[in-house]
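For reference, the structure is listed below as C-alpha cells.
None of the figures in this text is laboratory data; all of them are computed from the coordinates on show. Computed from a predicted model, the values in this text were never measured in an experiment. Methodologically, a virtual Cβ is constructed for each residue, glycine included, from the backbone with ideal geometry; neighbour enumeration extends over all protein chains shown.
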Amino acid sequence: MAESHLHIAIKRIRKEKLAVAGFCVICLFALIALLDTVPAPYRDAGGMHFNRTVLDTLFQKPVERSYSPPLARTATLNRKEFTLKSTHVLGTNILGEDVLYDALKGVRTAFIIGIVPLIIASFFAVVFGLLAGYYGGWVDDVIQYVYQVLSSIPGILLLIAMLTVMERGIWQLCIALGVTSWVGLCRLIRGETLKVKNMEYVEAARALGASDGHLLFRQILPNVMYLVIIEMTLDFSGLVMSEAVLTYIGVGVEPGTGSWGRMILSADRELPNGIWWNLTGASIFLFLLVLAFNLFADVLRDALDPRLRKG
Amino acid sequence: MFYYIVRRILLAVPTVLGVCLFTFLLFNVFASPEAIARKQLGKNPTTVQVKAWITAHGMDKPMFFNQKAGKDGRIHPLDSRFWNQMKELILFQFPESDYLHENVGDLIKEKIVPSLTITVPAFLLSIIATLPLALFVAYYRGTYLDRLALFICVILMSIVILNYIIVGQYLLAVVFKYFPIYGYEYGIGAWKFVLLPVILAVAAGLGGGLRFYRTVMLNEVRADYVRTAMAKGVSEGRILFKHVLKNAMIPILTTTVLSIPFLITGSLLLEMYFGIPGMGNLLLNAINNADFPIIRSLVYVYSLLYIAGSIVTDISYTLVDPRVTLE
Amino acid sequence: MERVLKIENLRTYFHMDEGVARAVDGVSLSVEKKRTLGLVGESGCGKSITALSILRLVPSPPGRIAGGSITLAGEDILSLPEVRMRDIRGKLASMIFQEPMTSLNPVFTIGNQVEEAVRMHTQMTGKGARRIALEYLAKVGIPAAHERMGQYPHQLSGGMKQRVMIAMALCLKPALLIADEPTTALDVTIQAGILRLMKDMQEETESAILLITHDLGVIAEMADDVAVMYAGKIVETGPCEEIFTSFLHPYTEGLFQSLPGRTPRGQKLYTIAGNVPSALQFQKACCRFNPRCPLAIERCRVEEPPLVVIGPAHRCACWVRAGEGPL
C-alpha cells in the first residue's frame, strides 16, 4: 500500500515544474555536501598530514593577504598594490579567504543542521506521541506534562540555555535543536494516534490477537508517518536559517566548520569597508537552498496530504 | 469564567514548578558553583575569594534538601539552593544579577518599554498589512495573480531575517541615511530609532504571514457553507468578508493571541542590531556573561507569560467560535 | 401546467489531468409548476452536477458547461451575466444540499442566515427580514422559533438543520426548488417528516421541485414524474406510477430488482453486475450501460440509443427494449 502512495506522490510532484527545479537544486547542494564528506587526505612535502575532503581538493584556494572583489587580479594592502595568487570567483573576505570556498564549505553544515535535529526530534516525537496516544491514562498525563513544561519555555531560550552548558560544536547544536523542537510534532502524532487507534483496521488486527507492539509499529506507525515527513519538510528551511541566526548570537558551530552564519556575521566588519561580496555569497547560497526546499516541500506536502490521496 | 481561570492557574502551578526545576537542573548540574564563581570573579581569583563568593550567593547550600542545622541550631529542610531560588521567584523578589550587580526586577522594569516600542507596532502593522492582502488574494484565488502572490511569498520567506536586517540597515540607514543607524531615546523621541526596525520586522514576516492567512482563508472557502451562501445568491465579496472571514478568524486568532505575551520578550536580533536596550538585549548579555540570576528569572517570567497566553487564547476561542465552551 | 424548468441537451464537462470527464452528457428534462420531478441514479451518475449546472454553481476550473440550454421561468440561464444569476439564485430558484451538518455557517445564528436570504433579494431592512425569517422558521416546524432564531447550527439536530435549510430556500417562494439528496444524511425516522414538510411547503409556495436521490422509496413518496440517470445520460423518464409498474430500461429494472423487498426471503439479494463507470470512461459512442447489461447486443457497443416514446409521457433509451421508435 505504501508504494502506490509514493508513486502517486511522485506523479503529482513531476507535474509542478518549480518543484522539480527545486529538487534538482537540492540534489546539487547534496552533491556538494557529499563531496565535502568524502575524505581525500594527503601529506605535503614537509610530511604534514592534512585532513582534506574531495571538495577541498577541488575548490580550496590559497589565502590572499587581503580582501578583493570578485574576479579581481590585484588587491591593495597598506596602500600597496599586489597581484593575487589566483582568481577568486566570488572574491576574498577581509582575511583573504576565498568566498566561494567558504560558501561551499557551509553546505555540509547546512544539511547536517537541517536534517539531524529533525531525526532526533522525530524520534522523540514519534515514541512519545505513539505511547501517549495509544496507552492514554497516566502515561499520557506524564508525557503531556513533560511537553507542557518544555513548551512553556520559549524555544530560543531553551536552546541558548542548553548550548551555554554544553560545548560548542555542530553535533551539540544538533542535539540541542532536536531536543527543543520535538514537542509540536509530538502533539500532532498523539492526536493522530488517538484517531487511528479506534479505526476498524486496528480493531480487526487486535481481534486477530495482535500484540500491542505489533499494532503500534505495523499498523499505527505507518499511518502516522506522513505527519513526520510533512514536519521535516516544514522545518528544514527554518533550521538552516536558524544556524545563521544562532551563529550570529554566538551559539553556533565551532570555528573551523563551514558556516554561512559566520560569513554573514563578518558583514559587520566588512560592509563599512565596502566589502559586500562575502555577505552576498553566503546569502545567495542560503537563499537558494531554502527556496529550493520550500518550493519542493510545498508540492511534496500537497502530494502526501491524505485528504487529497483519493485523487 | 472566573472559576475557569482559577482552575487553569492552579493547573499551571506544577508546570511552572517543572519549568523552574528543569532550568535549575540545567544550570546547577552542568556547571559547578566553583566554575560559576570563577567566571564571575574575573582574572585569577584566589581560593578564598571563590569561597567567599560561593557563600555570599548561597551556593554552598545543598541542592534540594538541607539536613544540617543552621546558625540558630535548628534544621530548615527547605534552606537549599532550589527552594531559596524558588521562593524569591514566586514572591517576585528578583535576585541580584551576578554580573551587573543590579536587581533583576529593576532591570526588567527598565527594559520592557523599549522592547514593546518595537514589538507592539510590528505586531499591529503586520496584521493590518497582511489581513487585507490575504483577503484580496483569496478573492482572486486560482488566477495568475494568486499564483504570483504565492510565489512572491515563498521568495520572501526564503530570505533569512538576518538579510533583511543587515541589508535594510546598511542601505537605508548607512547609505541613504533615511534613518538613524543605532541607538535609542527614551520617551517620545523613541520613534525615530524604532521606525526602521519595525519596518524591517514587518517585511521579514510578510511572506510567511500572508501565506498562512491565505491558507486559512482558502480552507474556509472550500467549505460547504460557502456553497450554500452562493446558492442563496450572496455575492463573492460578501462571502469573503462576512462568511469566510469570521470563520477564518478562529485559527488566525489562536495564533495571534498566543504571541501577544511574547511581545514583551522583545526581538533578540533587532535589539542587537539597532542598539535597543530591551529584554532581548538583557537576555543575550546575560547568556554571554553566564549571569544565571538573570537567566533563571527571565525563564520564570517567560513561562508565566506563556501560560497566561495559552489561557487567554483558550478564552478567546470561546468568544469567537460559538461551538466552543469552557469546560 | 406552466413549465418552470426546461433543460435541453445539457453537457457539463470537467477538464482533468487524466482527460475530459463528461459528467453530464446530453441531459434533457423539464419540470412544471407545483409538480415534483425525481432524478434518480447511483452515486457518480451526474445528477448533482446537473443540479449545480442549473444554478451555474459548477466549480469553474475544472468544470465547464459545454453545451445545451437551460430555461428557467423564461430566462435563458446560460447566457445571463453573473450579476443577474446572483439575483436568480435564492429567489427564482434555490437549492438545498445533502449535508445539513456542514451546509450552515457555524458562526452565525440560524435566524441571521435565513434573514440574509431575504435581505439579499428584497428591499427589506432588519425588522421586515426578521419577521419573514421567523414566519418561515415556524412554518417548517422549528418549535419555539422565536427563541431558536438566536441559536447556532451546532445546537440543532440534523433534522432541524435541514428544516432551516428548507426555510432558507423557500422563504422567497422560488419557482423552482432543487433538493440534492435532502434526506440521505438523516435518520430514517426523520426522513419522512422532512419529505412531508417539503410536500406541504410546495402546496403553499407553488414551487416546482427537482428532487435528486438514489432512494426509490423517496421517489415513490414524493415524485410526480421520474427521470432515471446513468453515467451522465437520461435512460428512462415517465410519470412515477408508470415507471414503477412498467419500467422498461434494463438499468431501471436492475434498480428495482435490487430493492430488498423484491427478493424472497432466504435468497441471495440481487445486485447489478459490475461497477459504476467513471466519467472519464466513455470517449466513443455506445450505450453506456452495456458493460453491465444482461441484454446487451452488438449494436449497444457501437451506437448510442436515443430516447424514444413508448407510452404516454414515457420514454426509454435502449436498443433492445425500446428500439428506434418515435423520438
Query raised in the report: Which lysines does B:K43 reach when only Cα atoms under 29 Å apart count, and residues fewer than 8 places away in its own chain are ignored?
Result: B:K51, B:K61
Requested in this report: Could you pull out the chymotrypsin sites (Phe, Trp or Tyr not before Pro) across the stretch C:236-327 that fall in loop regions by DSSP (anything but H, G, I, E, B) with no more than 16 other Cβ atoms inside 10 Å?
Outcome: C:Y270
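Around B:F82, what is the net charge, scoring Lys/Arg as +1 and Asp/Glu as -1 over all other residues with Cβ under 15 Å from its Cβ? Walk me through the numbers on the way to the answer.
Details: positive: B:K61, B:R81, B:K87, B:R296; negative: B:D60, B:D79, B:E88.
After counting each charged neighbour, the total is +1.
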Query raised in the report: Which is farthest toward the positive dipole end of the protein assembly as shown among C:A167, A:T74, A:G281, measuring Cα position about the Cα centre, with Cβ charges +1 (Lys, Arg) and -1 (Asp, Glu)?
Result: A:T74
Report summary line: Residue by residue through the stretch C:55-66, the couplings from Karplus 6.51 cos²θ - 1.76 cosθ + 1.60 with θ = phi - 60°, in Hz, x for Gly and Pro, are 8, 6, 10, 5, x, 7, x, x, x, 6, 7, 8
**Report entry** J(HN,Hα) series, the stretch A:181-186, from Karplus relation 6.51 cos²θ - 1.76 cosθ + 1.60, nearest Hz, glycine and proline x
**Finding:** 10, 7, 4, x, 5, 4
Query raised in the report: Among C:A73, C:L134, C:P106, whose Cα sits farthest toward the positive end of the charge dipole of the stretch C:36-176 (+1 at Cβ of Lys/Arg, -1 at Cβ of Asp/Glu, about the Cα centre)?
Result: C:L134
Query raised in the report: Which of the aspartates and glutamates could a cross-linker span from C:K233 if the Cα-Cα distance has to be under 15 Å and same-chain partners fewer than 8 positions apart are dropped?
Result: C:E8, C:D25, C:E42, C:E303, C:E304
Query raised in the report: Taking a ≥ b ≥ c as the square roots of the eigenvalues of the Cα gyration tensor of chain B, is the shape rounded (a/c under 1.5), prolate (a/b larger than b/c) or oblate?
Result: oblate
Report task. Could you tally up the Lys pairs in chain A with alpha carbons closer than 21 Å? Skip any pair fewer than 8 positions apart unless they're on separate chains. Result -> 6
Report task. Name the long-range amide H neighbours of C:I310: under 5 Å, sequence gap of 5 or more, or other chain; modelled H, no Pro or chain starts. Result -> C:R315, C:C316
**Report entry** Loop sites in the stretch B:156-257: chymotrypsin sites (Phe, Trp or Tyr not before Pro), DSSP, at most 16 other Cβ within 10 Å
**Finding:** B:F176, B:Y178, B:Y182, B:Y186
Report summary line: For the stretch C:250-327, one quarter of the surface area of the C-alpha convex hull, expressed in nm², comes to 6.4
**Report entry** Surrounding net charge for C:L39, when Lys and Arg each add one and Asp and Glu each subtract one, Cβ distance under 11 Å
**Finding:** -2
Report summary line: Yeah, chain C with a ≥ b ≥ c from its alpha-carbon gyration tensor (a/c under 1.5 is rounded, else prolate when a/b outruns b/c, oblate otherwise) is prolate
Query raised in the report: Given just the C-alpha atoms of the protein assembly as shown, how large is their convex hull per residue in cubic angstrom?
Result: 261
Query raised in the report: Each residue of the stretch C:268-274 in turn: what ³J(HN,Hα) in whole Hz from Karplus with 6.51, -1.76, 1.60 and θ = phi - 60°, glycine and Pro shown as x?
Result: 5, 5, 7, 9, 6, 4, x
Query raised in the report: What percent antiparallel are the DSSP beta bridges of the protein assembly as shown, to the nearest 5?
Result: 70
Query raised in the report: Given R₀ = 60 Å, FRET efficiency for A:W171-C:K34 by Cβ-Cβ distance, to 0.05?
Result: 0.15
Report task. Within 10 Å of each Cβ in peptide C:99-111, how many partner chain Cβ atoms are there on average? Round it to a whole number, please. Result -> 5
**Report entry** Cross-link reach list, aspartates and glutamates versus C:K139, counting only Cα pairs under 17 Å and skipping chain neighbours closer than eight places
**Finding:** C:E115, C:E147, C:D200, C:E203, C:E204, C:E206
Query raised in the report: From the Cα gyration tensor of chain A, with a ≥ b ≥ c the square roots of its eigenvalues, which class applies: rounded if a/c is under 1.5, or else prolate if a/b is larger than b/c, or else oblate?
Result: prolate
Query - Charge dipole magnitude, Cβ of K and R +1, D and E -1 - the protein assembly as shown, Cα centre, debye nearest 20 - result: 500
Report summary line: In whole angstrom, the spacing between the Cα centers of the stretch C:1-47 and the stretch C:232-260 equals 17
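Treating only the Cβ of Lys, Arg, Asp and Glu as charged (+1, +1, -1, -1), what charge dipole size does chain C show about its Cα centre? Round to the nearest 20 debye.
Rounded to the nearest 20 debye, it is 320 debye.
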Query raised in the report: Among C:P326, C:T263, C:Y251, whose Cα lies farthest out toward the positive end of the dipole of the stretch C:250-327, if unit charges sit on the beta carbon of Lys, Arg (+1) and Asp, Glu (-1)?
Result: C:T263
Report task. Calculate, in nm to one decimal, what B:T47 and B:R238 gain on full extension: separation in residues at 0.36 nm each, minus their alpha carbon distance. Result -> 61.1 nm
Query raised in the report: Taking the Cβ of B:M230 as the center, what net charge do the other residues with Cβ under 10 Å away carry, scoring Lys and Arg +1 and Asp and Glu -1?
Result: +4
Query raised in the report: In what order do A:S266, A:S152, C:S79, C:S278 fall by count of nearby beta-carbon atoms within 10 Å, going from fewest to most?
Result: C:S79, C:S278, A:S266, A:S152
Requested in this report: Pick out, in residue order, every one of the GluC sites (Glu not before Pro) in the stretch C:1-80 that is DSSP loop and has at most 12 other C-beta atoms within 10 Å; say none if there are none.
Outcome: C:E2, C:E18
Report task. Would you mind checking which residues have amide H under 5 Å from A:T53's amide H? H placed 1.01 Å from N; only 5 or more apart, or other chain. Result -> A:A40
